[in-house]
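The values are calculated or read from the model by the stated rules, or taken from the named source; none is laboratory data. Please read these numbers as outputs of a predicted model, since none were measured by experiment. When we count neighbours, we look across all protein chains shown, and the Cβ atoms used for this are built from the backbone with ideal geometry, even at glycine.
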Amino acid sequence: MPSDKKIRVAIVGLGFGAEFIPIYESYPGAELAAICRRNEKELNACGDRWGITGRHGLFDNTLGAIFKLESEFDYQTGEEDTPGVLFNRDAWVGFQSESLGKLTFGRQNAIARDFTGIYGDPYTGARVTLEEGGYTNVNNFKQLIFYAASATGTRYDRGLVWKKEWGPLVTGLGYQFGGIPGDFSNGSTQTVALGYNGPGDSFHLAGFYNQFKVNDLEHKAWSFGGNVQLGPIVRLNAGYYKYNSEQGNNVGNRKDHAWTVSSKFTPSGPWDFELGYQVIHADNAGVNGAGNVLTPYADASGVHATATGDKKTGYGSIFYHFDRRVEVYLVADSMKLTDGYHVAVTNGHDSQVEAGVGMRIRF
């Protein structure tokens with residue numbers, strides 16, 4: 001029997017389910033009341049996380065009130081990844097619409113990592129989108145992400161992020177409030193980012209400019225890169241990063257650069273394969289008391305010594321997908337340090353090889 005009453009629809013699980021959003025939004029007999037997803041764009045070969053995302057329609061569903069809470073834990077012990085912090089990955093609210101774009105407030109990704117994720121390694125999606133993304137975790141090639149960071153690491157605390165699609169162009173602005181009473185610039189971050197999705201998704205480009213202040217020392221970085229799809233099977237990625245920062249005790253400025261190339265092979269069937277290589281060159285980089293090079297966003301006000309050298313890492317992986325939700329994998333990487341570049345994980349040695357196997361379930 002005909003009725004003027006609309007059916008209220010909630011969509012949970014937005015992998016393939018995302019395709020139904022515009023259908024329900026445009027269908028006159030339905031009201032899209034809420035959506036919920038667990039947005040897992042990046043491979044996290046050794047980490048586990050859970051989270052809640054949602055959307056509530058406002059003004060006849062032309063504007064969405066959105067939120068995300070996400071936490072990371074150690075599956076071997078059940079411990080929090082960051083002790084004492086329940087939602088260490090994301091804790092934000094915001095608004096989103098076609099005309100406004102996406103505006104979010106709270107703890108969230110540094111916007112630079114979202115845009116550069118399309119070329120930082122082969123485990124993210126190829127397109128530049130409005131969603132959070134980033135790099136893999138807990139491995140010897142994770143460190144590239146630190147050049148796309150903020151005053152508080154690879155995420156903003158007290159962050160304000162705006163992203164919008166303009167056809168094939170995607171723009172982004174990020175600001176992190178410093179949180180220091182009477183000194184708003186210290187601990188703050190300012191970022192501008194730009195992406196382009198090529199015709200037919202044949203190629204994608206992205207880049208950013210970033211500056212932030214840690215303990216009254218300026219840090220500046222920029223990057224540019226992209227990916228190209230070579231037929232239905234092969235995707236190639238490449239990018240370049242430049243980073244300069246002030247350091248304490250008159251040791252001079254740090255001037256790093258880095259580059260990466262990687263590829264993803266997706267033949268028909270349940271298998272896919274990834275290969276990558278990156279070089280990080282640290283120039284006059286501050287070291288800690290043990291002689292290890294500081295990460296790019298770290299507080300360098302107490303530096304008394306510096307080092308110059310390279311960190312070179314090759315890596316690869318094999319995935320077997322049982323279906324869209326369950327997969328197993330084999331991963332490995334090999335790292336080589338040269339000259340004065342030292343890191344704590346090698347225990348005084350100049351090389352390290354890692355290997356692992358695992359299983360991932362999406363829900």
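Couple of notes before you dig in:
- Per-region count, the range 121-133, residues surrounded by fewer than 23 Cβ atoms within 10 Å (Cβ to Cβ) and of a type in the set (A, V, I, L, M, F, W, C): 2
- Breaking point among (1) in contact (Cβ under 8 Å) with a residue 60 or more places away in the chain; (2) in a loop (DSSP other than H, G, I, E, B); (3) of a type outside the set (D, E, K, R); (4) in contact with a Leu (Cβ under 8 Å, 6 or more places away or on another chain), for Gly133: (4)
- Looking only at the range 303-337, and only at residues there that are over 21 Å from the mean Cα position of the chain (by Cα), under 25 Å from Asp272 (Cβ atoms) and among the acidic types (Asp, Glu), the one that is surrounded by the fewest Cβ atoms within 10 Å (Cβ to Cβ): Asp323
- Of all residues in the range 166-191, those satisfying the criterion of being in contact with a Ser or Thr (Cβ under 8 Å, 6 or more places away or on another chain) and either farther than 28 Å from Glu246 by Cβ or not hydrophobic (A, V, I, L, M, F, W, C) (or both) are Val170, Gly172, Gly174, Tyr175, Gln176, Gly178, Gly187, Thr189, Thr191.
- For the range 213-241, a residue qualifies if it is within 19 Å of the chain's Cα centre (by Cα) and hydrophobic (A, V, I, L, M, F, W, C), and the qualifying residues are Ala221, Trp222, Phe224, Leu236, Ala238.
- Residue ID - farthest from Gly302 (Cα to Cα), chosen from residues in the range 220-276 that are among the hydroxyl-bearing types (Ser, Thr, Tyr) and without any contact (Cβ under 8 Å) to a residue 60 or more places away in the chain: Ser268
- Condition check for Gly94: modelled with pLDDT of 95 or more and either on the phi > 0 side of the Ramachandran plot or not acidic (Asp, Glu) (or both): yes
- Candidate set from the range 264-302 (those that are among the aliphatic types (A, V, I, L, M) and surrounded by fewer than 21 Cβ atoms within 10 Å (Cβ to Cβ)); member that is farthest from Gln211 (Cα to Cα): Leu275
- The residues in the range 70-108 that are part of a loop (DSSP other than H, G, I, E, B) and loosely packed, with under 15 Cβ neighbours inside 10 Å can be counted, and the count is 14.
- Taken together, the residues in the range 279-308 that are charged (D, E, K, R) and without any contact (Cβ under 8 Å) to a residue 60 or more places away in the chain amount to 1.
- If you go through the range 182-239 and pick out every residue that is buried (at least 21 other Cβ atoms within 10 Å of the Cβ) and polar (S, T, N, Q), you end up with 8.
- Given (1) free of Cβ contacts under 8 Å to residues at least 40 places away in the same chain; (2) of a type in the set (D, E, K, R); (3) under 20 Å from Asp256 (Cβ atoms), number of the condition Glu327 does not satisfy: (3)
- Qualifying position, being touching a Lys or Arg at 6+ places or on another chain (Cβ under 8 Å), surrounded by fewer than 18 Cβ atoms within 10 Å (Cβ to Cβ) and of a type in the set (Val, Ile, Thr), among Thr154, Thr136, Thr171: Thr171
- Under the condition of being in contact (Cβ under 8 Å) with a residue 40 or more places away in the chain and among the acidic types (Asp, Glu), the residues counted in the range 180-219 number 2.
- Residues being closer than 18 Å to Ala110 by Cβ and β-branched (Val, Ile, Thr) - total across the range 197-243: 1
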